[in-house]
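Scroll down for the structure; my scribbles are underneath it.
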Amino acid sequence: MSLFPPATCPRLIVKIGSALLVDPDGGVRRAWLERIARAVAERTAAGQQVAVVSSGAIALGARRLGLAKGGRASLEDAQAAAATGQIALAGVWADVLAAEGLTAAQMLVTLGDLEERRRYLNAAATLGRLLQLGTVPVINENDSVATEEIRFGDNDRLAARIAQASAAQGVVLLSDVDGLYDRNPALPGARHIPRVERIDGTIEGMADRGSASGMGSGGMVSKIAAARIANAAGAGLAIASGRVEQPLSADARHTLFVAERAAPARKAWLAGGLTAAGAIHVDAGAAHALTEGRSLLAAGATRVEGSFARGDLVTISGPDGVIARGLAEYDAADAARLLGRRSEEHEGLLGYAPRAALVHRNHMALL
């Protein structure tokens, strides 16, 4: 039996970590990659559309350029390694998929491509068409132009955002770990967690920040963040080890994060965002009102952070932390003028007809 079988998962995203694709000397683990291509071909033959999010460009490029620390000694080294390694990575994927009768397609995306709504819709349309045409899109972050400030930073969350953009029903994160444990799996007595129905503070507290191989950039924290994004979009997510013979088999040990009911596409995009232009803090009463599906009114707002404009994405935080993300109805300066004020006072404070809320419920997603 396979993880996310075609009958219940028409579209699947498979993320492959650097440590699985590249050996410690910087060479491609081709035999392993050929097994993955065979598994993808079997699923495609059964009617499933599969896209691959593949790490490995920096590691491959570093070897070819002779760069220290796997190409991660500096941002410039990482960008150069990515530019060199991406050609090699795409070529290997094209070869192993072609051997199985499949056509590879390459998509390189940046954080802005999936965070800005118009660019997100364009990327989603391209991805959807590639899948409809029967290709296997091979996707990676465009690390040759990404900077520390504007990048995903790991392909776990990128895979979840790709699942959201493609309306996939399942995501498999293949790495050097076989799932979530209640503590660092290297510690005595660590217990494997096979299934997570809901991501809460207890689950997040189990995350270990390390990447065992030293080649990747995402530890368990990033994988749980990815699960939250995927689940909010209605996709299940599994963390599984790529070190076993059949890593996409349900028989292999893994942790499954069960999907929530899918949110409307726009709200799923809002909930899955990784950046925000600012923040609005609210009191306990307003926080409770938001959980009941109401808009954010100025009377319950206590503080504004950042320099955002109307229409920018902002986070909304209550006394216990971030509770929602939404599109601001005012710029930061006008929002600050309205803090704690009742609606009938707004026109006098602003000098123009006020809007219904600081953040309207139709443009907000609870987290």
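Among the residues of the stretch 110-127, those identified as hydrophobic (A, V, I, L, M, F, W, C) and either in a strand (DSSP E or B) or open to solvent by less than 60 Å² (accessible area, probe 1.4 Å) (or both) are Leu111, Leu114, Ala123, Ala124, Leu127. Residues in the stretch 90-109 that are open to solvent by 30 Å² or more (accessible area, probe 1.4 Å) and part of a loop (DSSP other than H, G, I, E, B) were compared, and the one that is nearest to Gly272 (Cα to Cα) is Thr103.
Which condition number in (1) over 26 Å from Phe152 (Cα atoms); (2) open to solvent by 30 Å² or more (accessible area, probe 1.4 Å); (3) free of Cβ contacts under 8 Å to residues at least 40 places away in the same chain; (4) touching a helix residue (DSSP H, G or I) at 6+ places or on another chain (Cβ under 8 Å) is the one that Ser307 fails? Here Ser307 clears every test but (1). Looking only at residues of the stretch 43-68 that are free of Cβ contacts under 8 Å to residues at least 40 places away in the same chain and under 26 Å from the mean Cα position of the chain (by Cα), we find that the one that is nearest to Trp93 (Cα to Cα) is Leu60.
Filtering the stretch 82-111 to residues that are in contact (Cβ under 8 Å) with a residue 24 or more places away in the chain and acidic (Asp, Glu) leaves only Glu100.
In the condition set (1) open to solvent by 50 Å² or more (accessible area, probe 1.4 Å); (2) modelled with pLDDT under 85; (3) among the acidic types (Asp, Glu), Glu197 is compliant with all but (2).
Within the option set Gly321, Gly326, Gly351, being open to solvent by less than 40 Å² (accessible area, probe 1.4 Å) and at positive phi holds for one residue only, Gly321.
Could you go through the stretch 48-64 and let me know if any residue there is out of contact with any Phe, Trp or Tyr (no Cβ under 7 Å at 6 or more places or on another chain), among the β-branched types (Val, Ile, Thr), surrounded by 17 or more Cβ atoms within 10 Å (Cβ to Cβ) and in a helix (DSSP H, G or I). For the stretch 48-64, residues out of contact with any Phe, Trp or Tyr (no Cβ under 7 Å at 6 or more places or on another chain), among the β-branched types (Val, Ile, Thr), surrounded by 17 or more Cβ atoms within 10 Å (Cβ to Cβ) and in a helix (DSSP H, G or I): present. Determine whether Asp25 is part of a loop (DSSP other than H, G, I, E, B) and open to solvent by 10 Å² or more (accessible area, probe 1.4 Å). Here the answer is yes, as Asp25 does meet what is asked.
The values are calculated or read from the model by the stated rules, or taken from the named source; none is laboratory data. Computed from a prediction, not measured in an experiment: that's the story for all the values here. Positions of Cβ are generated from backbone atoms using ideal geometry, with glycine treated the same way; all protein chains shown enter the neighbour counts. To get the accessible areas, we keep the full protein, side chains included, count just its heavy atoms, and leave off ligands, DNA and RNA. Shrake-Rupley method; radii C 1.70, N 1.55, O 1.52, S 1.80 Å.
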